[in-house]
There are 2 protein chains.
Amino acid sequence: MLFSRGLYRISKNLRGSLNGCRRYLSSRGQNHQFLLSNNYQSTGSSTERVLRSLIFTKNLPTLYSARHQIHNQSSSIIEDELDPFSLVADELSHVANSLRAMVIAEVPKLASAAEYFFKMGVEGKRFRPTIILLMSTALNVQIPELPTSNELEGTLTTELRSRQRCIAEITEMIHVASLLHDDVLDDADTRRGIGSLNFVMGNKLAVLAGDFLLSRACVALASLKNTEVVSLLATVVEHLVTGETMQMTTTSDQRCSMDYYMQKTYYKTASLISNSCKAIALLAGHTAEVAMLAFDYGKNLGLAFQLIDDVLDFTGTSASLGKGSLSDIHHGIITAPVLFAMEEFPELRDVVDKGFDNPANVNLALEYVGKSRGIQKTRELAIKHANLAAVAIDSLPENDDEEVKRSRRALIDLTHRVITRTK
Amino acid sequence: MLFSRGLYRISKNLRGSLNGCRRYLSSRGQNHQFLLSNNYQSTGSSTERVLRSLIFTKNLPTLYSARHQIHNQSSSIIEDELDPFSLVADELSHVANSLRAMVIAEVPKLASAAEYFFKMGVEGKRFRPTIILLMSTALNVQIPELPTSNELEGTLTTELRSRQRCIAEITEMIHVASLLHDDVLDDADTRRGIGSLNFVMGNKLAVLAGDFLLSRACVALASLKNTEVVSLLATVVEHLVTGETMQMTTTSDQRCSMDYYMQKTYYKTASLISNSCKAIALLAGHTAEVAMLAFDYGKNLGLAFQLIDDVLDFTGTSASLGKGSLSDIHHGIITAPVLFAMEEFPELRDVVDKGFDNPANVNLALEYVGKSRGIQKTRELAIKHANLAAVAIDSLPENDDEEVKRSRRALIDLTHRVITRTK
């Protein structure tokens, strides 16, 4: 669940800071080659297929140049606008209040356990709800079947928005439930700067509070009366569990496989936000194609985020190797920088197979990563996914509404922030 | 989650044994006074209201006599019939196969964790699925709106049955998920005679496997496309959690309150089966009244079961106090026999408040229970709830179909078995 900690950091540290975005935008011209050379086999979502077909028909320079223009244009507009978080600030506080109301439980101890992360001040920056609310606006293209009566349309829009807001709340509940269960598993003692629930109240209550949140999320889901959406978000819980299990029960071959790593990363980090974005589209009655674009945005943003997180675990705030917390490698978790380094130096495999209980082995692995292009290739892969997320937004049906356009720009802005963060 | 262990025992030990039923039936004549004198305030379900109104209008003797006749009549028929478990044996094996198919997971370790209790031979006797399948038949009264075409009716009936069977599977998944999480919490090292999952595979995998089962249950629920049913069973998960939290975080006043104890018992033991029975009625398109009768059956059967379980914890197979495992009192859990004893001997409260780490205190509490009518009053309360469960079945709309009648008799038979079991 590194995503959450990192997303908290990104929203805290990059809020309003557009220098990074500008650096990212101006660096995009040098990065397109990577799209042609990268070995990672994407899992074949629709946006990726579109992009790959463009690449393979040698249209990339045209595509890139057009997109580059769009983004430079967006960038100058964004500078005059509020940042993505401010754009939905009022609604976010509505979501926060709803969440506090939704976790009221009959038993005081359960209530206080469940609301632990929903309290004022420790609730994080609600990165997921921000994305979901922005996506809701970005997709509220007028649906042709709606009656033209303004009044009815207004009611329907309000109701739709409140259903979409409910998805934001459910997503946050599922996310916090998984944090609670992860904390038990990892025996973590801090979370978001305060003591983790299991540390403060014991493992037992943390597991129960997680179950309680899952059940409340399920009740809220049922109230939306859309069984496709229920199924979608129930599958997310399964993915979170599958990702966690994949991480803890790898064979040596799996631990050293980039495909396995990307699949696990999708399950653990990207599934929740991608499926929530898809749910937003489904609730608005969009076509399967639009729903898939929403899904692709969330998926690629999540993957880009995690890849950068993996880099920062090695480099921390500086660009130098070994300055990060090195938490993954110390826990025996092999991430993209090591996997790319292994492609260049196959002998690193033996080091990995020995495990990292011995600090000398950690240093040896770091040496290999340092002399390889592992960090750089991981950043490039992250940029590829950030690009794919932006492409998904750009591929949405055109819309002239200013609010819709602003939300789409904000979503693209988030893809920049994810890449350019340094902690 | 004592219900499960006990239900396993009951189905194993009482299968086909009708002596107990006969003893119970012949003893019913002496127990009706208890209905008038018992102090426990029922929570006001519809069956209870019906029964109470009958009691308060002094119709009880008539009611009792009529019911007594019905049950004596039923009893003689039951003797010529198969027992409840055999009645649905074929379908139960279908449920067992489905469950094994439903918990297939991408990650082998997760799959083996999740299917741990669904394997052949260790899957328990599927008491809950038995009740649910019997309830399905008991409620499949011809619904007036159905078209008269036999063929269409046949298809609808088959589809309805397979949806109801799905509830049996979902119920079992929720139940096993809660066992897995309870095992982690309690650090239990055996379950159904084999090593508990957390003991064999570690806490981490047991929590993840529980989450995985809950998510699969939710996906299966969504496939039923009935949001009321989704909501009902999601609430059950909340109840299981609430009951567990109530048990672990009591104040002295709560620990010594009969209302609190009954509420906790409903949440921990009776909610799953009562709401599943209600779901069966809802899927069949029954009225709210019939759905409430199905709910009342499950609720009262569950409560009766737990009350007898609490007695057996003191008496074990013999009728003598102190012959049971005394597991509850050693864990500081105060159950009905102690609560009733406390009504007679208020000084027992001080003993309870001192806790039971000191064996001398356990012995002192046992002394009080022994000289009180605690055990007897707990049995009487269990009988009251078993009666209420039987009343719920008897109150269902009349039906002449032989299969329907046989299933209803089997459900009533189960209320006898619950009460007369000795281990």
Residues in the range A:365-374: is at least one assigned to a helix (DSSP H, G or I) and surrounded by fewer than 14 Cβ atoms within 10 Å (Cβ to Cβ)? yes
Number of the condition not met by A:D182 [criteria: (1) charged (D, E, K, R); (2) at pLDDT below 65; (3) within 22 Å of the chain's Cα centre (by Cα)]: (2)
Among residues of the range A:210-268 being over 18 Å from the mean Cα position of the chain (by Cα) and of a type in the set (D, E, K, R), the residue farthest from A:I280 (Cα to Cα) is A:D253
Could you say whether any residue in the range B:378-400 is farther than 27 Å from B:D328 by Cβ and out of contact with any helix residue (DSSP H, G or I) (no Cβ under 8 Å at 6 or more places or on another chain)? yes
Going through the range A:352-364 in order, the residues found to be part of a helix (DSSP H, G or I) and modelled with pLDDT under 90 are A:P359
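The rows are residues; the columns are (1) part of a helix (DSSP H, G or I); (2) in contact (Cβ under 8 Å) with a residue 40 or more places away in the chain; (3) hydroxyl-bearing (S, T, Y).
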site: B:L307; (1), (2), (3): yes, yes, no
site: B:S320; (1), (2), (3): no, no, yes
site: B:L339; (1), (2), (3): yes, yes, no
site: B:P346; (1), (2), (3): no, no, no
site: B:D350; (1), (2), (3): yes, no, no
site: B:A390; (1), (2), (3): yes, yes, no
site: B:E398; (1), (2), (3): no, no, no
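Residue by residue, here is whether (1) closer than 21 Å to A:H416 by Cα; (2) of a type in the set (A, V, I, L, M, F, W, C); (3) more than 26 Å from the chain's Cα centre (by Cα); (4) surrounded by fewer than 21 Cβ atoms within 10 Å (Cβ to Cβ) holds:
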| residue | (1), (2), (3), (4) |
| --- | --- |
| A:H286 | no, no, no, no |
| A:V290 | no, yes, no, yes |
| A:D296 | yes, no, no, no |
| A:L321 | no, yes, no, yes |
| A:L326 | no, yes, no, yes |
| A:I329 | no, yes, no, no |
| A:A341 | no, yes, no, no |
| A:P346 | no, no, yes, yes |
| A:N358 | no, no, yes, yes |
When the residues of the range A:229-265 are filtered to those that are at the interface with chain B (Cβ under 7 Å from one of its Cβ atoms) and among the acidic types (D, E), which remaining residue is surrounded by the most Cβ atoms within 10 Å (Cβ to Cβ)? A:E244
What is the number of the single condition among (1) crowded, with 21+ Cβ neighbours inside 10 Å; (2) within 13 Å of chain A (Cβ to nearest Cβ); (3) at pLDDT 95 or above that B:N300 does not meet? (2)
Out of B:E398, B:E344, sole residue that is acidic (D, E) and at pLDDT 95 or above: B:E344
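The values are calculated or read from the model by the stated rules, or taken from the named source; none is laboratory data. Everything numeric in this text was worked out from a predicted model, so none of it was measured. Virtual Cβ from ideal backbone geometry, glycine too; neighbours counted across all protein chains shown.
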